[in-house]
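The next block holds one structure in the form of structure tokens; read it before the comments.
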Amino acid sequence: MEPIDPTPATSNITVRRGEPLVVVKDINKHYGELHVLKGINATVNRGEVVVVIGPSGSGKSTLCRAINRLETIDDGVITIDGVKLPAEGRALATLRADVGMVFQAFNLFAHKTVLENVTLGPIKVRGLSKADAEKKAMALLERVGVANQAKKMPAQLSGGQQQRVAIARALAMEPKLILLDEPTSALDPEMINEVLEVMVDLANDGMTMIVVTHEMGFARKAADRVIFMAEGEIVEETTPEEFFTNPQSTRAKDFLSKIL
Ligand code: ADP
Ligand code: MG
């Protein structure tokens, strides 16, 4: 892997904890004619929790997917822990394993038990023995409050339980960073809090997190920083308090007037 310039992209926010873990520099992405990411610059420091918020179609998911290399970029550079994202091969698999991902739809393996969902990655990618992987998985399922569901199939669980399993599955890989893309937006309202509580717990534990969410309560409780995106650009980047009480741009004001 080629060495890269570790200087973070310029950001108007002071470094709070740790060193830059994710550095996104001048990235652009098109889908055909559509310019989805327009010269995005962002830095996420180790231990930091960044909430990404913005209207539907603004490029939030594309940014997350680019950071996990599920999506290619046209130009620019993304580095994770100082290593430039490789295009393919073994190095990509390793880097991807360092980034846990939780999606909106509960994307558990439907034909595997809850426990198998959590042990599969550690056994296949991290080389753990089955016994070690199961021990670790049970501890994680305990942590997210679903240990008693370990033998069940995903479809037998509620949406909130499935999403907590998805978080446990991501954690089982011991990722350097977790990306959560609207993890609660497909949930019934009464299940949102149980998932948010797990996320707050992770944040308090020092996990580096990028969370796409419109849950203001989570942002206020757990986020160090809010990034507001609109039409493929980062329009505002500030503290949750400042963003929700004193948005600067017309686009942020418009957006907040619709969701609050
Ligand atoms: P958000 O997550 O903020 O709602 P997305 O990143 O999903 O936004 O999408 C940004 C824009 O890119 C939208 O206009 C969307 O329709 C478009 N888009 C997303 N994925 C694809 C794709 N695979 N092919 C073509 N257009 C896409
Ligand atoms: Mg999205």
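The values are calculated or read from the model by the stated rules, or taken from the named source; none is laboratory data. What you see is a predicted model; the values in this text were computed from it and never measured. Positions of Cβ are generated from backbone atoms using ideal geometry, with glycine treated the same way; all protein chains shown enter the neighbour counts. With ligands, DNA and RNA removed, areas are computed over all heavy atoms of the protein, side chains included. Shrake-Rupley method; radii C 1.70, N 1.55, O 1.52, S 1.80 Å.
May I ask for the net charge around VAL211, where only other residues with Cβ less than 12 Å from the Cβ of VAL211 are counted and Lys, Arg are +1 while Asp, Glu are -1?
-2
Simple spin-label model, 7 Å along Cα-to-Cβ: ALA91 to LEU260 in nm?
Result: 4.5 nm between the two label points.
Take the Cα radius of gyration of segment 156-260 and divide it by 2.2 N^0.38 Å, with N its residue count; two decimals is plenty.
1.13
Excluding same-chain residues fewer than 8 positions from LYS253, which aspartates and glutamates have a Cα within less than 18 Å of its Cα?
GLU215, GLU231, GLU233, GLU236, GLU237, GLU241, GLU242
Could you sort GLU116, GLU174 by their accessible area in this structure, using a 1.4 Å probe and putting the largest first?
Reading off the accessible areas and sorting them downward yields GLU174, GLU116.
Classify segment 60-146: rounded, prolate or oblate, from the alpha-carbon gyration tensor (a ≥ b ≥ c, eigenvalue square roots; a/c under 1.5 rounded; otherwise prolate if a/b is larger than b/c)?
Prolate, because a/c is 1.5 or more and a/b exceeds b/c.
Write down the percent of antiparallel bridges among all DSSP beta bridges whose residues are both part of segment 165-260, to the nearest 5.
In segment 165-260, DSSP labels about 55 percent of beta bridges as antiparallel.
On the full set of protein chains, 1.4 Å probe, figure out the accessible area of GLU190 and give it in Å² to the nearest 10.
130 Å²
Report for the chain the percent antiparallel among DSSP-assigned beta bridges with both residues inside it, nearest 5.
Once the DSSP bridges in the chain are tallied, antiparallel ones form about 55 percent.
Starting from 0 in steps of 5 Å, tell me what percent of the Cα-Cα pairs of the chain lands in each bin.
That works out to 1, 6, 13, 17, 19, 17, 13, 8, 4, 1, 0, in percent per bin.
In deg cm²/dmol and to the nearest 500, what is the mean residue ellipticity at 222 nm of the chain if only DSSP H runs of at least 4 residues count, each as -39500 (n - 2.57), divided by the residue total?
-11000 deg cm²/dmol
Within 12 Å, Cβ to Cβ, of THR72, how many net charges do the neighbouring residues add up to if Lys/Arg are +1 and Asp/Glu are -1?
Residues near THR72 contribute -1 overall.
How do the peptides 44-53, 92-101 rank, highest first, by the average count of neighbouring beta carbon atoms within 10 Å per residue?
Per-residue mean Cβ counts within 10 Å order the peptides as 44-53, 92-101.
Rounded to a whole number, what % of the accessible area of segment 120-260 do carbon and sulfur atoms account for, probe 1.4 Å?
On segment 120-260, the fraction of accessible area on carbon and sulfur atoms equals 48 percent.
Once you place label points 7 Å from the Cα toward the Cβ at SER185 and GLN104, how far apart are they in nm?
Calculated label separation equals 0.4 nm.
Suppose accessible area is computed on protein heavy atoms with a 1.4 Å probe; arrange LYS84, LYS130, LYS124 from highest to lowest.
Largest accessible area first, the list is LYS124, LYS130, LYS84.
Cβ under 13 Å from LEU120's Cβ, LEU120 left aside: what net charge do those residues give with Lys, Arg +1 and Asp, Glu -1?
Result for the local shell: +4.
For GLU134, GLU19, GLU241, what's the largest-to-smallest order of accessible area, 1.4 Å probe?
My answer, sorted largest first, is GLU19, GLU241, GLU134.
From the C-alpha coordinates alone, can you work out the Kirkwood hydrodynamic radius of segment 95-145, in Å?
11.8 Å
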